[in-house]
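In what follows, a single structure is set out as structure tokens and then discussed.
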Amino acid sequence: MQRLRALRFDRIQLNAILVVTSFVAVLTLSSQSAASYPTYILALSMLVSARMWGDVFESRLIWLVLVLVSYLCISTFWSDPFSGRELVSTLTRGVLIFSFVVALAECQLRGQVQRWMSRALGIVGGLVALIAVAGFYLDPPETYRLRGFGQLDHPVVAGLILSIVVLFLLQTLLSDRSTLWRSVALIAMAPVFVAISLTGSRNVWVSCSIGIVVYLFATFIRDKRSFPIAILGMLCVAIALIAGLAINEDTVELVLPRGDSFRLEIWSAVWNRLLESGLLFGAGLATPDSVELNGEVFQHPHNMYLAVAFQGGLVALALFLALILMVLVYAYRRFEIPDAKLLVALMATALSSYLLDGHELIDKVGETWFLFWLPVALGVGISWNFSGERRENLSEMI
């Protein structure tokens, strides 16, 4: 029995290391394929140990994850053009995502998220942001917008991932018992905030701010019944502020110097293509969703909700929204758990940013894993523990 416990401990600790390594690789490696290597090992580890985590299917949430991922992968069959190679690639990505979600859910139950990820992402994120800021001033890009290091080579992607790093730094600063690590988190915040500001993305600035405010609300509001009221109040203030800025042309130009970046035209074109393909089931995951406007090609819809609908129709969109809602419901039920508070803040960042960006829900490790599959995995861990008898001695093996 003791050997079995030791085996479980080693396995979950190995998975925690692989998860953190994958995220660190996104920050440091320019190749998405290279960053994916730890996720392949993670998937193999989960496959070999399937008997040890099979009780995850007691959670309703994991079934919704499985259905959404499976449906989007299956939609490759009616993509235009159909490619067998693309189908295999999509199925592989689906397996990697599902393995990651279950593995991180187990790590969450063991407290490994707090122990490993916050500190690792804080250090690496701070260093990466510092390098990116230094590069920006030493060799300013033509657009004068910061491009990050590794996979963070696009201003918006860099800003959104660093926004997630900010939340982990906040978690370390407010929750870590070590004075040393709190000091490290405080120091790392400076280059991360500078890097985010230099991206020049209003979407990133707003999404990051929303995530921070939600996390602070979740941390300092003790009565969970007051939390939705505070969030509603924040939204009302934000809407009133946006409406006030929109009235004056000078403030609109100040806030949106690039206008709406053709968002309305892009969304209209993608919506029309969706109607032509079939509103219920969509055009298929592998169908190109690029749009050409006035001789310029936009590679994706710049809206995750519309992208999911385009790929899988109203069926996929309904599953996507249902998954988001269920994750938030479980987080609210266990609001006293620190990871539930982090989950809500991560989701707030993602859901707000997805209004103006995002396009690929089924992908290798990268931006979407930080923004979406990470909080979903935390939700599965909370749901898994909430759903029934979950390894009574698991917490004793920390």
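The values are calculated or read from the model by the stated rules, or taken from the named source; none is laboratory data. A quick note: this is a predicted structure, and the numbers were derived from the prediction, not measured. FYI the Cβ positions are ideal-geometry reconstructions off the backbone, even for glycines, and counts take in every protein chain you see. Ligands, DNA and RNA are stripped out before the accessible areas are found, and what is left, the full protein with its side chains, is counted by its heavy atoms. Shrake-Rupley method; radii C 1.70, N 1.55, O 1.52, S 1.80 Å.
I need the full set of residues from region 171-212 which are without any contact (Cβ under 8 Å) to a residue 24 or more places away in the chain and of a type in the set (Val, Ile, Thr), in order please.
Result: 179, single match.
Restricting attention to region 189-197, does a residue exist that is part of a helix (DSSP H, G or I), β-branched (Val, Ile, Thr) and modelled with pLDDT under 90?
No, region 189-197 contains no residue that is part of a helix (DSSP H, G or I), β-branched (Val, Ile, Thr) and modelled with pLDDT under 90.
Tell me whether region 158-181 contains one or more residues that are within 18 Å of residue 345 (Cα to Cα) and not in a helix (DSSP H, G or I).
The answer is yes; a qualifying residue exists.
Please count how many residues of region 21-31 are of a type in the set (S, T, N, Q) and buried (at least 16 other Cβ atoms within 10 Å of the Cβ).
Residues in region 21-31 being of a type in the set (S, T, N, Q) and buried (at least 16 other Cβ atoms within 10 Å of the Cβ): 3 in total.
Would you mind stating whether residue 80 is free of Cβ contacts under 8 Å to residues at least 24 places away in the same chain and not aliphatic (A, V, I, L, M)? Steps first, please.
On the way: free of Cβ contacts under 8 Å to residues at least 24 places away in the same chain: no; not aliphatic (A, V, I, L, M): yes.
The answer is no for residue 80.
Exactly one condition in (1) farther than 25 Å from residue 84 by Cα; (2) free of Cβ contacts under 8 Å to residues at least 24 places away in the same chain is not met by residue 276; state its number.
Every listed condition holds for residue 276 apart from (1).
Looking at (1) touching a helix residue (DSSP H, G or I) at 6+ places or on another chain (Cβ under 6 Å); (2) part of a loop (DSSP other than H, G, I, E, B); (3) of a type outside the set (Asp, Glu), can you tell me which one residue 222 breaks?
Result: residue 222 fails condition (1) only.
Could you list all residues from region 72-94 that are surrounded by 13 or more Cβ atoms within 10 Å (Cβ to Cβ) and of a type outside the set (Gly, Ala, Ser)?
72, 73, 74, 76, 78, 82, 86, 87, 90, 91, 92, 93
Please go through region 43-65 and pick out each residue that is open to solvent by 50 Å² or more (accessible area, probe 1.4 Å) and either free of Cβ contacts under 8 Å to residues at least 60 places away in the same chain or of a type in the set (A, V, I, L, M, F, W, C) (or both).
Scanning region 43-65 gives 44, 47, 48, 51, 57, 63.
Being under 18 Å from the mean Cα position of the chain (by Cα) and among the aliphatic types (A, V, I, L, M) is the filter; apply it to region 185-216 and report the residue that is most open to solvent (accessible area, probe 1.4 Å).
206
For residue 150, work out the one condition from (1) on the phi < 0 side of the Ramachandran plot; (2) in contact (Cβ under 8 Å) with a residue 60 or more places away in the chain it doesn't fulfil.
Only one criterion in (1) on the phi < 0 side of the Ramachandran plot; (2) in contact (Cβ under 8 Å) with a residue 60 or more places away in the chain is unmet by residue 150, namely (1).
List the helices (runs of 4 or more DSSP H) that sit entirely inside region 1-109 and contain at least 3 residues that are hydroxyl-bearing (Ser, Thr, Tyr).
Where helices (runs of 4 or more DSSP H) fall fully within region 1-109 and carry at least 3 residues being hydroxyl-bearing (Ser, Thr, Tyr), they are 2-28, 32-48.
If residue 68 satisfies all but one of (1) surrounded by fewer than 21 Cβ atoms within 10 Å (Cβ to Cβ); (2) more than 28 Å from residue 193 (Cβ to Cβ), what's the number of the condition it fails?
For residue 68, the exception is condition (1).
Step by step: first the residues of region 282-299, then only those that are out of contact with any Ser or Thr (no Cβ under 7 Å at 6 or more places or on another chain) and within 17 Å of residue 313 (Cβ to Cβ), then the one that is surrounded by the most Cβ atoms within 10 Å (Cβ to Cβ). Which residue is that?
As a first pass, look at region 282-299 and keep what is out of contact with any Ser or Thr (no Cβ under 7 Å at 6 or more places or on another chain): 288-296.
Restricting the remaining residues to those that are within 17 Å of residue 313 (Cβ to Cβ) gives 288-289.
Numbers: 288: 12, 289: 22.
Only one residue tops the list, namely 289.
Name the residues in region 120-152 that are over 26 Å from residue 342 (Cα atoms) and not in a helix (DSSP H, G or I), would you?
If the condition is that a residue be over 26 Å from residue 342 (Cα atoms) and not in a helix (DSSP H, G or I), then 139, 140, 141, 142, 143, 144, 145, 146, 147 are the ones that fit.
Any idea how many residues of region 324-368 are within 20 Å of residue 167 (Cα to Cα), acidic (Asp, Glu) and assigned to a loop (DSSP other than H, G, I, E, B)?
Count: 2.
Out of 241, 275, 314, 264, report the one residue that is in a helix (DSSP H, G or I), modelled with pLDDT under 85 and either over 30 Å from residue 342 (Cβ atoms) or in contact with a Gly (Cβ under 7 Å, 6 or more places away or on another chain) (or both).
Among 241, 275, 314, 264, only 264 is in a helix (DSSP H, G or I), modelled with pLDDT under 85 and either over 30 Å from residue 342 (Cβ atoms) or in contact with a Gly (Cβ under 7 Å, 6 or more places away or on another chain) (or both).
Which of the residues belonging to region 13-36 are in contact with a helix residue (DSSP H, G or I) (Cβ under 8 Å, 6 or more places away or on another chain), over 18 Å from residue 162 (Cα atoms) and of a type outside the set (Val, Ile, Thr)?
13, 14, 15, 16, 18, 34, 36
Inspect region 142-159 for any residue being small (Gly, Ala, Ser) and open to solvent by 40 Å² or more (accessible area, probe 1.4 Å) and give the result as yes or no.
no
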